[in-house]
Amino acid sequence: MMRDYAVKGEGYFDPMPESKLKEAEALLEVDFPNSYKWYIQNYGHGGVGGVEILGIAQIAMPVVEETVHYRQHGLPPQYVVVEDCGEYVYCLDTSRMENGECPIINWAIWEPIPIDEFDDFYSFLADHFQEAIDNLDDDEL
């Protein structure tokens, strides 16, 4: 699904080695859930239909850069930004890891009370990309 509808660009959907994954975890001082590790190791960083999932690219670590940016504005240290929607961000809540997975929350600077959105990263990824693909298909009709 992702490669078929990918927005091609530098660093999009390039698998990343475990060493890059470990480096990002160390920089953010968190452990990523298994589903997000799978995404990084298989796709790295990328988007579909205007949805950009932050990850690790060949020359940058957007997940680290955005998370550090939002931490400077009050994002708690257990949250890792995986999508920046402008007014709010979707984050992994690494403090609630269970069986190698953690929920995705919605967090905003102007209202820093997290809202649970998805049980895990797989659910989040499938939902967001499917919605983007459906919107692309609607635009083509």
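Just a few scattered comments:
- Extension gain for VAL68 to SER19 (0.36 nm times residue separation, less C-alpha to C-alpha distance): 15.7 nm.
- Between GLU111 and GLN41, full extension at 0.36 nm per residue minus the direct alpha carbon distance yields a gain of 21.9 nm.
- Amide H within-cut-off set for GLY46, under 5 Å, with H built and near neighbours excluded: PHE13, ILE53, GLY55
- Modelled spin-label separation between ASP127 and GLU29, with each label point placed 7 Å from Cα along the Cα-to-Cβ direction: 3.0 nm.
- Sum of side-chain charges, GLN41 neighbourhood, beta-carbon under 14 Å (Lys, Arg +1; Asp, Glu -1): -1
Since every read-out is calculated from the coordinates, none of them should be taken as a lab result. No experiment lies behind these values; they were computed from the predicted model shown. Neighbour counts are summed over all protein chains in view; Cβ atoms, including those assigned to glycine, are modelled from backbone coordinates with ideal geometry.
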